[in-house]
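Taking it in order: structure first as structure tokens, then the write-up.
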């Protein structure tokens, strides 16, 4: 009994499998020989096909997968500046005017400054115009004003009509910004950018020192959007100009400029074509904008150099106006991948289905002979008379 | 001969083309008039439709393509601190308590410190409790301990029972952290954030100084999640509170706080609606977590100020405890795009096909009249009797 | 009248609705009982199915949506170095050799240096070999050379045959790089990395101090790719070795190394499996590359310490050669999501349609009995004799 039953099952399964493998279903179709419907439908279908091939595949490269890079940037400035403030000659080199010194992707080049030398801890009156007072009662002792320079002692100084504070004295007077900027020579400094990008998905690493950009070329080239677009040495004046700013304005009050290194690479072609493009634009506001209130320029910070003199800690305070450069790496690599290709095809076939639905609507609801076509297309289960 | 053959081919191609253009196939269908199957299938189809329209299109906005931004951040602190350590009054301003000074997106505000003044190169015993020794043989001369302060001289100092080292002497004693923190006044410092984002795919640039946030507003506003959510001036105490920390704890031992600027923008609506949201949270561990071992707070680094005294190089070493702020820009812009729209539609039509398959399974395998439907649906090529 | 018309419309709509709900269309199909076609088509269909299930779903995990993280990194170095330059013993601690000091994700560890002590503003001849001159006419007074050290005074100094400049004097002589590097002890320094990542889409935050990596473990572990892959304490020598460089080479002239913290997480499984992997590789060029011209190693910057001596500002200039470490966080989290799942299914059904089209082509154009099958599949609207 069991054996025969088992054999029966086995043969049933074998039958079902062979049926499954040797059969094949294909939908039955009506071939509508109607010029109007035919032309309309074919045009819709051709449109869908053109969209899939032309747009998705060729224009948008839908057969590729994309990846963005992890990147690393190193910068190096070169050049010296010279200032002559009331006979006091001074030269400024890289160690003096770049903050921070170690070649980060975001750094500041000093172009102007207000120097306050020999500050030491003590009491002195606040800056004129700040925390004015008429009598000691206007200066509450022991309090700190957020915008002040120090802690009030409770005394109103007569000569300046401002409160006395415990602070680094004398306090900095930043009412007048040197004009023209003290370090206009910054225009001729050069910036060297070293940038490497890695696309982890594709295992590709590229450096902005691409083929042909070797030590010999670097030693003598200067970036120019037209003539030397791959040279990684940039003149500061050129960068500022290409961002649409005037160097004198930005050098006086400071500003922030983004240097975009754009890696848009098609890895299906030779990797040598994967080259960086350099763009420059002002950060925090567009120089062409008229809305001055939105602070399109203006960048400064304070920096102190400490020293000991006569056993007393002193400092030289610099209010540094400068150009802040942000090297922004923007990357997008594309490479052929089977998944997006098949997803695009599959989704395209789906849209083909939409075309068929539209044509069917025309056929079954708009044409004069629609009843005829309806009969051709549909078979009804409840009508006992089958064609 | 050739001509006629060529003409024949030409007419053949023309015929095939006209056939192709004037014909149109549409699948033949069985219209099953069965209430149960009908209702089930329509519900499945409506479900799929509701999913595609409701979820993919409306909820997930599948008709839009997305892009993340490249961004640039500039920060500026304001405020002064005051310390009085055993009668030695001192004021700390921005140049003293912010590291680095130039307004980076990641910076540290000093809130507490251990100062070791007047260090100079020389030999002195190691700190008590570190590298203890009983005799000179415990201190191998000429070796460097990774956790020590310098190079051992091979001498065991009797008074401290530690090895003598060549180091910046005297060595720093950081056993006791000042409590309460010396610069509790940091709570009232303010932070100004300037942030611009660019969505390269859409060519859109936005600044966190959006419409209405002009110089006049900034000069007097203070960020508040409810009342002034767009004001870019933040009180340090507020930030710490919103991150869920206690200021006194974090000021004492230091900590790291992330300020997330969230740009989630729908660029299909007016660009004025693309505004930043500010969130604050502790980095490196959740303040609500009970697992204290995972070091949710604690941030310090060492910083030296060098000077010359009597022709000798000396330094003031600061072990700085502070709050490290990381401005993290998180961005996602969405805009209508034809490709994702059609991909979503195409893929939706595909899922419609799945609905049909499910209904067919019900029809052909579960219904009592399944044999009847099978006959209606399928035509067999090997049965010679065709309906 | 109106009422009856309205009722008629209502009943019509009700009818149409009930028709719609109680009917169900399913395509009529031909079941082709042909072994060859059957096998070919089933194989194609199985292939498509295998692709969709095996590749899209299992291998590429197409049922998951992906997200990259926002991250925050804090680093801390430990260790002391010792130099003995012509009898002048010196110890270098963290405050001396790390730039910047505050524990950024990108920092430099000094391994070698050229020191120029006691520079002050003045005039002195340029470095030998730079801006050589034969007479004063070769040195144009008042000009600045981009690669020079200062402003020319117009004098040619006889002893060195170089132009005299106003600069920080004496000028730095960096012709000879100390070899072996002065701070070879840097090999034994250790680096501690604290890293937290947040996947905003999934609301998941992880720290590299995962379960089991507690304070006790950290205090005594040392990273090893095999034995301690999760320990966040790294020996500098190990990092350099794992990047494929020789420590002595890179310590002498400097170099840049990327430490990639790789967070590839499948959030469908227990979050405890979401652990970081650490990789190390040279930035700016591959150490295995033979193209030496592309500057695979070499990293330096200049750094000045200012001080006052006899009322004069002086500085100690350090040309720092060092290893720059960039902690690069690379992240990809995946989690089940209904949208990509259904998109993949829908698109897969679409590709199934392609399989049917291919089989139909075989059936209708390649088989000997193609005319028979064509008749079975198609019904023509213009032939009046309907089967």
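Only the coordinates and a few stated rules stand behind these numbers; no lab work does. This structure is a prediction, so every number in the text was calculated from the model and none was measured. A quick note on method: Cβ atoms are made from the backbone with ideal geometry, for glycine too, and the neighbour counts reach across all protein chains shown.
Compute the whole-percent fraction of alpha carbon pairs in the range B:146-234 spaced more than 14 Å apart.
Values: 3080 of 3916 pairs.
Every Cα pair in the range B:146-234 considered, those over 14 Å come to 79 percent.
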Item to check | Nearest-0.05 FRET efficiency for residue A:60 and residue B:161, computed from C-beta distance (R0 60 Å) | outcome: 0.20
Item to check | Shielding score for C:73-86, defined as the mean number of other chain Cβ atoms within 10 Å | outcome: 4
Checklist entry - Separation of the range B:304-380 and the range C:1-70 by C-alpha centroid, Å? => result 25 Å
Checklist entry - Remind me, relative contact order of the range B:295-358 in percent, using alpha carbon pairs under 8 angstrom and six or more residues apart? => result 24 percent
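In square nanometres, what is one fourth of the surface area of the convex hull spanned by the alpha carbons of the range A:65-198? Mind showing how you got there, number by number?
Working: hull surface 52.6 nm².
Convex hull of Cα atoms, orientation-averaged projection: 13.2 nm².
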Checklist entry - How crowded by other chains is B:144-157, given as the mean number of beta carbons from other chains within 10 Å of each beta carbon? => result 3
Checklist entry - Summing -39500 (n - 2.57) over the DSSP H runs of n ≥ 4 in chain B and dividing by its residue number, what mean residue ellipticity at 222 nm do you reach, to the nearest 500 deg cm²/dmol? => result -7000 deg cm²/dmol
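Could you give the Stokes-Einstein D for the protein assembly as shown in µm² per second, using the C-alpha Kirkwood radius, 20 °C, 1.002 mPa s? Let's see the in-between values first.
Numbers: Rh = 35.4 Å.
After rounding, the answer is 61 µm²/s.
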Item to check | Where only C-alpha atoms are counted, convex hull volume of the range C:154-290 per residue in Å³ | outcome: 225 Å³
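For Cα pairs less than 8 Å apart in space and 6+ apart in sequence, what is the mean separation divided by the residue count of chain C, i.e. the relative contact order in percent? Intermediate values should be presented prior to the final figure.
On the way: 676 pairs, mean separation 79.8, N = 387.
Answer for chain C is 21 percent.
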Checklist entry - Across bins of 10 angstrom width beginning at 0, how are the C-alpha pair distances of chain A distributed, in whole percent? => result 4, 14, 16, 15, 12, 10, 9, 7, 6, 5, 2, 0, 0
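Using the alpha carbons of the range A:28-111, what is the convex hull volume per residue in cubic angstrom, as a whole number? It would help to have the intermediate numbers written out before the result.
Details: hull volume 15.0 nm³, N = 84.
For the range A:28-111, the hull spanned by Cα atoms encloses 179 Å³ per residue.
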Checklist entry - Percent antiparallel among DSSP beta bridges with both residues in chain B, to the nearest 5? => result 85 percent
Item to check | Where N is the number of residues in the range A:1-145, Cα Rg divided by 2.2 N^0.38 Å | outcome: 2.92
Checklist entry - So, in nm, how far is label residue A:266 from label residue A:134 when the simple model puts each one 7 Å beyond its Cα toward the Cβ? => result 7.7 nm
Checklist entry - What nm value, rounded to one decimal, do you get for the distance between residue B:311 and residue C:279 when each label is placed 7 Å out toward the C-beta? => result 5.6 nm
Checklist outcome for this item: Computed over the range B:131-174, the distribution of all Cα-Cα distances in 10 Å bins, rounded to whole %, is 33, 60, 8
Checklist entry - Which distances, in nm and shortest first, link the residue B:138 label point to the same label point in every other copy, taking 7 Å along Cα→Cβ? => result 6.6, 6.6
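In percent, what relative contact order does the range C:73-203 have, based on Cα pairs under 8 Å that are 6 or more apart in sequence?
Details: 234 pairs, mean separation 40.2, N = 131.
For the range C:73-203, the relative contact order is 31 percent.
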Checklist outcome for this item: Two pseudo-spin positions, 7 Å from Cα along C-beta at residue B:175 and at residue A:43, lie apart in nanometres by 9.3 nm
Checklist outcome for this item: One decimal, nm, nearest first: from residue A:273 to the same residue in each other copy, label points 7 Å out along Cα→Cβ, the values are 4.0, 4.0
Next on the checklist: Just to verify a number: FRET efficiency for residue A:53 and residue B:336, C-beta to C-beta distance, R0 = 30 Å, to 0.05?
Outcome noted: 0.85
Item to check | Ascending list, in nanometres, of distances separating the residue A:311 label from those of the other copies (7 Å, Cα toward Cβ) | outcome: 2.0, 2.0
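Hey, fewest Cβ within 10 Å first, where do B:184, B:152, A:9 land in order? Don't skip to the answer; put the middle values down first.
Values: B:184 18, B:152 24, A:9 10.
Taking fewest neighbouring Cβ atoms as first place, the list is A:9, B:184, B:152.
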